[in-house]
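Below is one structure; the comments refer to it alone.
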Amino acid sequence: MLSDESILALQAVGISPDDNSRIEVNEFSKIIDYLRAKFSAAEVDNRLQEITRYALESGRSSHIDRYRSSSMPRPAAPVTPDNYARYLALLQFDSIFPKIALNLETSQVPGALIYSAMRYGLLLDRDLIRDWRNNNFYAGLWHHKGIFWFELVKHKAAEPMIWQPDDLTLLLLVRYRDQLDVNNSTSWVKYLNRFLNPYIGLLRLLNEEAMIDLFQAVLKNHVPSYLVEISANRKKNRSLTRQQFLRLISRRAPSVRHPCDPLSISAGTTSRKQKRSVYAKYISKLIQQSTTPDEFLQRAKCQELSGALRSVIKCAAFFCRNDTQFGTRLKKSGVIRIVNNLAQRFEQSFPDTDPEALSSNQLQDSFLDIISSSNSSSTTNLITSLNYYFWYLHNENGRALITIPTSHVSRKQNWLYPSMVMPWEFLAIKSLLNRKLKLAAEPNDKLIISRMILAVILGYRSGLRRGEILSLRCRDIQLEGIPTIVISTHGKFKPKTLSANRVIIVGGRYSRDEIDMLKRLVLTGNEYMPGDERHIFSGYHQLSDATNNNNIFDEISHIIRFVTGDENASFHSLRHSFASLNLYRMIRSRFSPSLPVNDYVDYDTGDDFSVYLNRLAPLPGATRRVNPVYQISAEMGHASPETTLGTYVHSLDWVLPYYQRRMTPTFSTAQLAVALGVSRQAIQKTVKADGERNLTDYRDMLVRKLKRISTNVDLSDWTEPRHRLRLGNYNRTFEFDGCVSAIKRYRKNQISLRQLFTLYPRLLDLPHELLRDRDLISHFCRLHTKRQKIAGDSIIQRFSKLIPSEQRYCCYRWDISRKEWKSGGFSRPKNSFESKRTEKAYRYLANSLKVFDSVESLIQP
């Protein structure tokens, strides 16, 4: 017999104890959630055993359902017995829509725009449709070089998403520009219901969910299911931000300014880990040194700690020996994170109180205060640690389970979009590093820069994480036969997940130069380690391996930010590029390369990708092909393709035009003439056709009409990544920044003249006699302080901006006043002269180049 509490639990989730219907596995999950909110962990186990025994004995469940540990959630089929008739009616209407689309009444226009955007533009996310409708369809239309897009948001705090409408939707926007009448109180789904009802005979108005399901069912006849599912909920896949989209379509990047010394960028900042209290560091050290939870508790007893810290210690010990709420066991690093997040905050919030003595409501109020006073960037991790603490109290303190809802996390934080590096930006980064390698004079500098190049290649071409790159041994890179890279557990290195133990294919993704570089590095690994156990990222001549490796990845991140102009970019952006570009190429390879669609990244981006695709092709006589999403997910080391698709892939929008091209209907000459507002002769002259005409052939006409109702994006201040290589370095604000220091190095024979010109190519534009003038070089070499060098760089910069005739005149004046400059140099102005002629030449140079405008900055303090 069931107890009263168990009967209430069944009734709470909609199960009648007197019924004979089957209890499904998901209903057991609901029962567990209900019991946890009411009872302690021990009581939950008792009630659950009682309900399980009842379900098995009554035949309402089975052992298979009971022990099924996980199931992959799958969305319900869009076509059901309830909407099958509407689905068939919508299919029938879909065939006649192109015939009526260009001859509508005013009341039908909003519904027709929404229908076209959903059916042909795959705008299926209800929030994005709502935002487009709230902007009255036309507001927020942007264009750049014939490319049009809307910037739509899911909520006010979210960053805008880019939606590129299809050609038919753009045609309707042109056709009904002056015929649109929108009522602000009418929702998009009402407009769509009104438009469809006369054609498909809706007995009742459909809500948003039912309407989107209906369109999904129709679209899955033309577009792969995963693209339809993602389009219906963009939370499952993050697209590019506005800045990244503009970088994609323009191949340019905005300007970004960085500190002058990238390697010391973090020297003046303190990380969260460094801010830990003494006790948090002590507890973390105990966890690392203890082999068992009992040993950890025994060591902690030797210290006199507050009740709050004692509670944190017991929570840490609990998770060392028990699973989390979700059935996973935390690593030591995960337990230490709980200690780091809670120890200092508990000390401040409960100075004289044991938090376990407080009621659950009091604890929840205190925790909400802790969250509100914390940095927004750490809110997510803090809430996770606090929920772990509640799980500990639920099991060890006899409390009902309480959780802090994620609504307390800033919504904007959940919609931060990661960055990725485009193919041309990767080439610019590699060229910049190769240039630095040529200019390096010290052996240790050459070793560090070569490792930087290798890290960039491995991150972009193979999608390796930073820790995986640092753990690489010479034996892990196999370049004979089928070139591969092996990531596996060895020594102190353990991959992030079990799925991260993997083999990554190199062949077809790396260029010949990159393969040769790998071979050289494998042969010249760390000379202090025997044989194949040599770690590639080790054996530096100065400082420790850890310090050099940190500097390497810090500087790579700064170079990526400089080239891309994206301040949020980092080394991990290369991993996003690997996922996005490789998935796009695999899908794109299934279409004809001659398909006339604007391909922003190009089908061939520099490596022989066909070699990789041929290896994945089915064997002769077979028809089954590799699923691109699963293949890329496996090579990235993800346990689930959902992680790859939802977090790392940002290129699915690039694939949609290939399907939209197939779905776009054709029109007659008369229809296009009316829609575009031109004569039939103009339509006929553009493209010769016997019957119906493709809308894509008349895109130029459409673009001219759309420019009048859209806003152009001005990218005049953006530059191409390859042009940034002309700058002295990635952290310099102008072309001759640091030129004086380079001249002094050249004078000391630390760099060659060729290296000086490679570093500052604009020097070649100056009169050649100046480059051979020893007196002038000596003057610059006498500038020693940092402020003096900056002023010297400015003099060279100003001279380079003069027109050639003025530069020659300055050279003439320099020859006249050469002796006068020798006595005072660039540090102090001279007041006495040998003749009026030399005085005039001297003052002409001083005024033209503003040599003494900042005398104080030139004189040593």
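The values are calculated or read from the model by the stated rules, or taken from the named source; none is laboratory data. Because the structure is predicted, anything quoted here is derived from the model rather than measured. Virtual Cβ from ideal backbone geometry, glycine too; neighbours counted across all protein chains shown. Areas reflect the complete protein model, heavy atoms only, side chains present, ligands, DNA and RNA absent. Shrake-Rupley method; radii C 1.70, N 1.55, O 1.52, S 1.80 Å.
How charged is the neighbourhood of Arg615? Take every other residue with its Cβ under 13 Å from the Cβ of Arg615, and add Lys/Arg as +1 and Asp/Glu as -1. Before the final figure, lay out each step's value.
Values: positive: Arg509, Arg625; negative: Asp608, Glu635.
Once all neighbours under 13 Å are counted, the net charge is 0.
Using only the Cα atoms, what convex hull volume per residue in Å³ does region 436-585 have? Spell out each step's value before the answer.
On the way: hull volume 19.5 nm³, N = 150.
Taking the convex hull of the Cα positions in region 436-585, it is 130 Å³ per residue.
Would you mind working out the accessible area per residue for region 348-495, using a 1.4 Å probe, and quoting it in Å²? Mind dumping the intermediate values first?
Values: 6320 Å² over 148 residues.
With all protein chains present, region 348-495 gives 43 Å² per residue.
Along the charge dipole of the chain, Cβ charges K/R +1 and D/E -1, which of Met663, Phe318, Trp149 sits furthest on the positive end?
Trp149
Using each residue's phi in region 109-126, evaluate 6.51 cos²θ - 1.76 cosθ + 1.60 at θ = phi - 60° and report the 3J(HN,Hα) Karplus result to the nearest Hz, with x for Gly and Pro.
My calculation for region 109-126 gives 4, x, x, 5, 4, 5, 4, 5, 5, 6, 6, 10, x, 6, 8, 10, 6, 4 Hz in order.
What is the distance in Å between the Cα centres of region 133-170 and region 675-705?
25
Scan around Phe39 for amide H atoms under 5 Å from its own, H built in the peptide plane at 1.01 Å from N, and keep only partners 5 or more places away or cross-chain.
Leu401
Between helix 379-396 and the chain, what is the angle of the helix's C-alpha long axis to the longest principal axis, kept within 0 to 90° and rounded to the nearest 10?
40
Please list the non-local residues whose amide H lies under 5 Å from the amide H of Leu141, H modeled 1.01 Å from N, same-chain partners needing a gap of 5 or more.
Placed amide hydrogens put Thr711 under 5 Å from Leu141.
Can you give me the accessible area per residue for region 181-260, using a 1.4 Å probe, in Å²?
Working: 3670 Å² over 80 residues.
That works out to 46 Å² for each residue.
Probe radius 1.4 Å, ligands and nucleic acids left out: which of Lys99, Lys314 has the largest accessible area, and how do the rest follow?
Working: Lys99 150, Lys314 85 Å².
I get Lys99, Lys314, largest accessible area first.
Excluding Leu168 itself, what net charge comes from residues whose Cβ is under 12 Å from its Cβ, given Lys and Arg +1 and Asp and Glu -1? Display every interim value, and only then the final one.
Details: positive: Arg119, Arg175, Arg661, Arg699; negative: Asp166, Asp167.
Local net charge: +2.
Which pairs in the list Lys744/Lys786; Lys314/Lys494; Lys430/Lys496 are over 22 Å apart, alpha-carbon to alpha-carbon?
Values: Lys744/Lys786 13 Å; Lys314/Lys494 27 Å; Lys430/Lys496 28 Å.
Violating the 22 Å limit, Cα to Cα: Lys314/Lys494; Lys430/Lys496.
Once Rh is set to the Kirkwood radius over Cα pairs, what Stokes-Einstein translational diffusion coefficient, in µm²/s, holds for region 528-581 at a temperature of 4 °C and a viscosity of 1.567 mPa s?
Working: Rh = 13.1 Å.
Answer, rounded: 99 µm²/s.
In a shell of Cβ-Cβ distance under 13 Å around Ile449, excluding Ile449 itself, what net charge do Lys and Arg (+1) and Asp and Glu (-1) give? Please report the intermediate quantities before stating the final value.
Details: positive: Lys430, Arg435, Lys436, Lys438, Lys446, Arg451; negative: Glu442, Asp445, Glu555.
It works out to a net charge of +3.
For a test of the definition: using alpha carbon positions, the gyration tensor, and the 1.5 limit on a/c, classify the chain as rounded, prolate or oblate. Write out the running numbers ahead of the final one.
Values: a/c = 2.03, a/b = 1.25, b/c = 1.62.
Oblate is the answer for the chain, as a/c is 1.5 or above yet b/c matches or exceeds a/b.
When ligands, DNA and RNA are left out and all protein chains stay put, how many square angstrom of accessible area per residue does region 89-156 have with a 1.4 Å probe? Walk me through the intermediate numbers first.
Numbers: 2330 Å² over 68 residues.
That works out to 34 Å² for each residue.
Looking at the chain, which longest stretch skips every one of the chymotrypsin sites (Phe, Trp or Tyr not before Pro) that is in a DSSP loop with at most 10 other Cβ atoms within 10 Å, leaving the sites themselves out? Provide the component values of the computation, followed by the final result.
Numbers: sites that count: Phe326, Tyr528.
Here the longest run is 529-861.
Nearest-5 percent of antiparallel DSSP beta bridges in the chain? It would help to have the intermediate numbers written out before the result.
Working: 18 of 20 bridges.
Taking every DSSP beta bridge with both residues in the chain, the antiparallel ones total about 90 percent.
With θ taken as phi - 60° and the coefficients 6.51, -1.76 and 1.60, list the Karplus ³J(HN,Hα) couplings across region 502-519 in order, rounded to whole Hz; mark glycine and proline as x.
Once rounded to whole Hz, the list reads 7, 10, 10, 6, 9, x, x, 9, 9, 6, 4, 5, 5, 5, 4, 5, 4, 4.
Taking all protein chains as present, what is the carbon and sulfur share of the accessible area of the chain, in % to the nearest whole number, probe 1.4 Å? The partial results should precede the final answer.
Working: 20640 of 42590 Å².
For the chain, the apolar C and S fraction of the accessible surface comes to 48 percent.
Once you have a ≥ b ≥ c as the square roots of the Cα gyration tensor eigenvalues for region 644-797, tell me rounded if a/c is under 1.5, and otherwise prolate or oblate according to whether a/b is larger than b/c. Spell out each step's value before the answer.
Working: a/c = 4.20, a/b = 3.04, b/c = 1.38.
Taking the square roots of the gyration eigenvalues as a ≥ b ≥ c, region 644-797 is prolate.
If you wrap a convex hull around the alpha carbons of region 743-817, what volume per residue comes out, as a whole number of Å³?
95
Quick one: Karplus J couplings for region 466-475, per residue in order, coefficients 6.51, -1.76, 1.60, θ = phi - 60°, nearest Hz, x for Gly and Pro?
For region 466-475, the Karplus curve yields 4, x, 5, 5, 5, 8, 5, 9, 4, 6 Hz.
Could you tell me the distance between the Cα centroids of region 421-447 and region 355-398, to the nearest Å?
That distance is 47 Å.
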